[in-house]
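These notes are about the structure you will find just below.
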Amino acid sequence: MNQNSEIEELKDIGFIEIGSWELNNDGYGIHIEKANDYHSLTKNRGIYSFVVEKNDTSISYKIKYFGTSEVHDGNIHYRLSKYHTSNKSPKCKKEKIIERLKAGDKVKIFVFAPSDELQNNFQYKTLNVDLVRGLEYSLIDKFKTSKKINGWNKRY
């Protein structure tokens with residue numbers, strides 16, 4: 001799969017680009033440059049992805065990371081805010097984002113936020129199946145975003 005078709009496949013799955021990371025004026029922090037529909041697309045629980053667009057003459061993208069907003073985290077907006085307001089859990093990813101931005105690359109943010117009805121409608125026998133978590137693992141595997149394969153995900 002070529003890198004640009006990865007983005008098309010991500011969009012076919014239902015991911016939507018909602019913005020990109022930008023360096024703060026101090027060069028050490030980051031914030032989100034938001035697209036117009038950012039707030040409506042991040043108000044639910046879901047999956048987000050960081051996609052690096054290389055700074056060269058050809059357009060080449062590489063999906064680097066998939067993350068989720070868990071039930072206890074709240075929505076996607078809240079989870080993404082932790083990347084620029086916290087020095088704890090997402091610190092490693094924040095450093096990678098800053099490294100790419102300083103190299104002149106863009107780091108775009110895509111989200112997939114299924115409706116509550118879709119999220120809560122999967123069962124296997126008597127077990128509820130978590131669509132968001134299940135898709136996250138499948139996406140990490142399909143798009144090879146594990147740290148073992150030059151991605152940013154720790155899982156796998």
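None of the figures in this text is laboratory data; all of them are computed from the coordinates on show. The model shown is predicted, which means the values in this text are computed figures rather than measured ones. Here Cβ is always computed from backbone atoms with ideal geometry, including for glycine, and neighbour counts include all displayed protein chains.
Per residue of the chain, what 222 nm ellipticity follows from adding -39500 (n - 2.57) for every DSSP H run with n ≥ 4, rounded to the nearest 500? List each step's numbers first, then the result.
Values: 6 runs with 54 residues, N = 156.
Only helices count here, giving -10000 deg cm²/dmol.
For residue 54, the aspartates and glutamates whose Cα comes closer than 19 Å to its Cα, not counting residues fewer than 8 places off in the same chain, are 6, 8, 9, 17, 22, 33, 95, 99, 105. Put simply, the Cα atoms of the chain extend 50, 35, 31 Å along their principal axes, the longest span coming first.
Cα-Cα over 28 Å: which of 125/148; 62/82; 43/102; 82/102; 102/154; 102/147? Listed pairs above 28 Å: 125/148; 43/102. State, to one decimal in nm, how far the label point of residue 126 lies from the label point of residue 39, with both points 7 Å from Cα in the Cβ direction. Result: 4.5 nm between the two label points. Close amide-amide hydrogen proximity is noted between residue 18 and 109, 110, 111, each under 5 Å apart and 5 or more residues distant or on a separate chain (H modeled in the peptide plane; Pro and chain starts excluded). Considering only 134, 74, 19, the mean-square fluctuation computed in a Gaussian network model of the chain, springs between alpha carbons under 10 angstrom, is largest for 134. Can you compute the FRET efficiency between residue 25 and residue 154 using 1/(1 + (r/R0)^6), with r the Cβ-Cβ distance and R0 = 30 Å? Round to the nearest 0.05. According to the calculation, E is roughly 0.45.
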